[in-house]
Amino acid sequence: MTDAEKKQNLIYGDGPLEKAMLFFLNNKGKTCFQIPVQFNPNEYSISRGVEYKANNGVGQEASPSDLQPVKGELAQLKLDLVIDVATSLSGAVMPKALDKYLNKHEISELCMQLSLLMKYDHEDHEPNGLKFCWGSLQFTGQLKNLDVKYDMFNREGKPVRASLSMTLEGE
(Lines give C-alpha, C1' and ligand atoms only; values in the text may rest on other atoms or scores of the structure.)
Protein backbone atom coordinates (compact mmCIF):
# COMPACT_ATOMS: atom_id res chain seq x y z
CA MET A 1 0.00 0.00 0.00
CA THR A 2 1.44 3.38 -1.02
CA ASP A 3 1.63 6.39 1.30
CA ALA A 4 -1.20 8.07 -0.64
CA GLU A 5 -3.38 4.96 -0.24
CA LYS A 6 -2.61 4.80 3.49
CA LYS A 7 -3.55 8.46 3.89
CA GLN A 8 -6.77 8.01 1.91
CA ASN A 9 -7.65 4.92 3.97
CA LEU A 10 -7.05 6.89 7.17
CA ILE A 11 -9.39 9.66 6.02
CA TYR A 12 -12.09 7.64 4.26
CA GLY A 13 -11.48 4.22 5.90
CA ASP A 14 -13.95 1.38 5.78
CA GLY A 15 -14.86 1.32 9.48
CA PRO A 16 -17.85 2.92 11.16
CA LEU A 17 -18.21 6.70 11.06
CA GLU A 18 -17.69 8.30 14.45
CA LYS A 19 -20.75 10.31 15.45
CA ALA A 20 -20.51 13.65 17.17
CA MET A 21 -22.20 13.90 20.57
CA LEU A 22 -23.87 16.70 22.51
CA PHE A 23 -23.77 16.37 26.30
CA PHE A 24 -26.18 18.49 28.33
CA LEU A 25 -24.45 19.43 31.60
CA ASN A 26 -25.85 20.56 34.91
CA ASN A 27 -24.23 23.46 36.79
CA LYS A 28 -21.79 21.10 38.50
CA GLY A 29 -20.50 19.91 35.12
CA LYS A 30 -22.14 16.47 35.34
CA THR A 31 -23.89 15.02 32.29
CA CYS A 32 -27.69 15.19 32.56
CA PHE A 33 -28.23 13.49 29.22
CA GLN A 34 -26.50 13.09 25.89
CA ILE A 35 -27.66 13.15 22.31
CA PRO A 36 -25.77 11.74 19.34
CA VAL A 37 -25.69 14.16 16.43
CA GLN A 38 -27.73 12.81 13.53
CA PHE A 39 -25.45 14.27 10.83
CA ASN A 40 -21.86 15.22 11.64
CA PRO A 41 -21.03 18.85 10.81
CA ASN A 42 -19.33 19.68 7.52
CA GLU A 43 -17.03 22.07 9.33
CA TYR A 44 -16.53 23.94 12.56
CA SER A 45 -14.42 26.88 13.64
CA ILE A 46 -12.73 27.80 16.90
CA SER A 47 -11.75 31.39 17.59
CA ARG A 48 -9.95 33.06 20.49
CA GLY A 49 -9.31 36.66 21.32
CA VAL A 50 -7.56 39.11 23.62
CA GLU A 51 -8.89 42.52 24.59
CA TYR A 52 -6.36 45.37 24.40
CA LYS A 53 -6.35 48.92 25.69
CA ALA A 54 -4.49 51.74 23.91
CA ASN A 55 -2.31 53.83 26.24
CA ASN A 56 -1.58 56.70 23.89
CA GLY A 57 -2.31 60.22 25.11
CA VAL A 58 -4.49 62.87 23.55
CA GLY A 59 -3.01 64.09 20.28
CA GLN A 60 -0.50 61.23 20.08
CA GLU A 61 -0.36 58.84 17.16
CA ALA A 62 -1.55 55.33 17.98
CA SER A 63 1.14 52.70 17.86
CA PRO A 64 1.14 48.93 18.45
CA SER A 65 3.66 49.49 21.26
CA ASP A 66 0.97 51.51 23.10
CA LEU A 67 -1.35 48.49 23.31
CA GLN A 68 -1.64 46.70 26.62
CA PRO A 69 -3.53 43.40 27.03
CA VAL A 70 -6.46 43.83 29.39
CA LYS A 71 -7.98 40.33 29.46
CA GLY A 72 -8.08 37.09 27.56
CA GLU A 73 -11.37 35.89 26.15
CA LEU A 74 -12.81 32.38 26.15
CA ALA A 75 -12.65 30.33 22.99
CA GLN A 76 -15.71 30.18 20.76
CA LEU A 77 -16.78 27.08 18.86
CA LYS A 78 -19.11 27.75 15.91
CA LEU A 79 -20.82 24.91 14.09
CA ASP A 80 -23.92 24.04 12.10
CA LEU A 81 -25.97 20.89 12.64
CA VAL A 82 -28.95 19.41 10.79
CA ILE A 83 -31.77 17.47 12.42
CA ASP A 84 -34.04 15.67 9.98
CA VAL A 85 -36.86 13.19 10.61
CA ALA A 86 -38.33 13.45 7.10
CA THR A 87 -35.50 12.20 4.91
CA SER A 88 -35.03 8.48 4.57
CA LEU A 89 -31.48 7.52 3.68
CA SER A 90 -30.79 3.99 2.51
CA GLY A 91 -28.89 2.09 5.18
CA ALA A 92 -29.17 4.96 7.68
CA VAL A 93 -30.36 4.21 11.19
CA MET A 94 -31.58 6.80 13.67
CA PRO A 95 -29.06 6.87 16.55
CA LYS A 96 -30.58 5.04 19.53
CA ALA A 97 -30.32 7.85 22.07
CA LEU A 98 -31.73 10.41 19.63
CA ASP A 99 -35.03 8.74 18.78
CA LYS A 100 -36.55 9.37 22.23
CA TYR A 101 -36.13 13.14 21.72
CA LEU A 102 -37.46 13.13 18.19
CA ASN A 103 -41.14 12.57 17.72
CA LYS A 104 -41.39 10.83 14.37
CA HIS A 105 -43.58 13.69 13.17
CA GLU A 106 -41.66 16.77 14.34
CA ILE A 107 -38.46 18.09 15.93
CA SER A 108 -39.52 21.20 17.84
CA GLU A 109 -39.10 19.50 21.27
CA LEU A 110 -35.37 18.88 20.77
CA CYS A 111 -34.82 22.42 19.46
CA MET A 112 -36.67 23.79 22.49
CA GLN A 113 -34.47 21.71 24.85
CA LEU A 114 -31.37 23.19 23.22
CA SER A 115 -32.66 26.75 23.51
CA LEU A 116 -33.46 26.21 27.21
CA LEU A 117 -29.73 25.72 27.82
CA MET A 118 -29.37 29.50 27.55
CA LYS A 119 -32.07 30.11 30.16
CA TYR A 120 -30.77 31.53 33.43
CA ASP A 121 -31.03 29.11 36.39
CA HIS A 122 -32.09 31.21 39.40
CA GLU A 123 -30.85 28.63 41.94
CA ASP A 124 -27.33 28.32 40.56
CA HIS A 125 -27.20 31.82 39.00
CA GLU A 126 -26.01 30.60 35.61
CA PRO A 127 -27.31 28.63 32.62
CA ASN A 128 -26.54 24.93 32.19
CA GLY A 129 -23.59 23.87 30.04
CA LEU A 130 -23.08 21.92 26.87
CA LYS A 131 -20.22 19.73 25.72
CA PHE A 132 -19.59 18.91 22.06
CA CYS A 133 -17.40 15.89 21.33
CA TRP A 134 -16.31 14.62 17.94
CA GLY A 135 -13.05 12.85 17.17
CA SER A 136 -10.24 14.64 19.01
CA LEU A 137 -12.40 17.71 19.78
CA GLN A 138 -13.92 18.00 23.25
CA PHE A 139 -15.32 21.48 23.79
CA THR A 140 -17.14 22.36 27.01
CA GLY A 141 -18.89 25.64 27.58
CA GLN A 142 -22.06 27.65 27.56
CA LEU A 143 -24.38 27.93 24.60
CA LYS A 144 -23.88 31.57 23.65
CA ASN A 145 -26.00 31.71 20.52
CA LEU A 146 -28.47 29.37 18.82
CA ASP A 147 -30.23 30.04 15.53
CA VAL A 148 -32.82 27.46 14.53
CA LYS A 149 -34.03 27.54 10.95
CA TYR A 150 -36.95 25.19 10.30
CA ASP A 151 -36.76 24.35 6.61
CA MET A 152 -39.16 21.44 6.06
CA PHE A 153 -42.64 20.78 7.44
CA ASN A 154 -45.10 17.88 7.41
CA ARG A 155 -48.70 18.12 6.20
CA GLU A 156 -49.84 19.44 9.60
CA GLY A 157 -47.32 22.29 9.48
CA LYS A 158 -45.04 20.76 12.12
CA PRO A 159 -41.27 21.07 11.53
CA VAL A 160 -39.52 17.87 10.42
CA ARG A 161 -36.10 19.33 9.51
CA ALA A 162 -34.08 22.10 11.11
CA SER A 163 -30.68 23.68 10.58
CA LEU A 164 -29.03 24.70 13.84
CA SER A 165 -26.26 27.29 13.93
CA MET A 166 -24.72 27.43 17.38
CA THR A 167 -21.90 29.17 19.17
CA LEU A 168 -20.46 27.73 22.37
CA GLU A 169 -18.17 29.79 24.56
CA GLY A 170 -15.73 27.93 26.77
CA GLU A 171 -12.64 25.75 26.39
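The values are calculated or read from the model by the stated rules, or taken from the named source; none is laboratory data. What you are looking at is a predicted structure, and each value in this text was computed from that prediction instead of being measured. Here the Cβ positions follow ideal geometry from the backbone for every residue, glycine too, while neighbour counts run over all protein chains shown. When the accessible area is computed, the model is the full protein with side chains, heavy atoms only, and any ligands, DNA or RNA have been set aside. Shrake-Rupley method; radii C 1.70, N 1.55, O 1.52, S 1.80 Å.
Output the pairs from Lys6/Lys78; Lys119/Lys149; Lys19/Lys158 with a Cα-Cα distance over 22 Å in this structure; if there are none, say none. Intermediate values should be presented prior to the final figure.
Numbers: Lys6/Lys78 31 Å; Lys119/Lys149 19 Å; Lys19/Lys158 27 Å.
In this structure, Lys6/Lys78; Lys19/Lys158 lie more than 22 Å apart at Cα.
A simple rule links phi to the HN-Hα coupling: the Karplus curve 6.51 cos²θ - 1.76 cosθ + 1.60 with θ = phi - 60°, which for segment 30-45 gives 8, 6, 7, 7, 10, 10, x, 6, 5, 10, 4, x, 6, 7, 8, 9 Hz, with x for Gly and Pro. Accessible surface of segment 1-51, 1.4 Å probe: 52 percent of it comes from carbon and sulfur atoms.
Of all DSSP beta bridges located in segment 1-69, what percent are antiparallel, nearest 5? Provide the component values of the computation, followed by the final result.
Numbers: 8 of 8 bridges.
In segment 1-69, approximately 100 percent of DSSP beta bridges are antiparallel ones.
Rounded to 0.05, the FRET efficiency of the Glu171 and Thr2 pair, given R0 = 41 Å and the Cβ-Cβ distance, is 0.55. Summing Lys and Arg as +1 and Asp and Glu as -1 over all other residues whose Cβ lies under 14 Å from the Cβ of Leu168 gives a net charge of -1.
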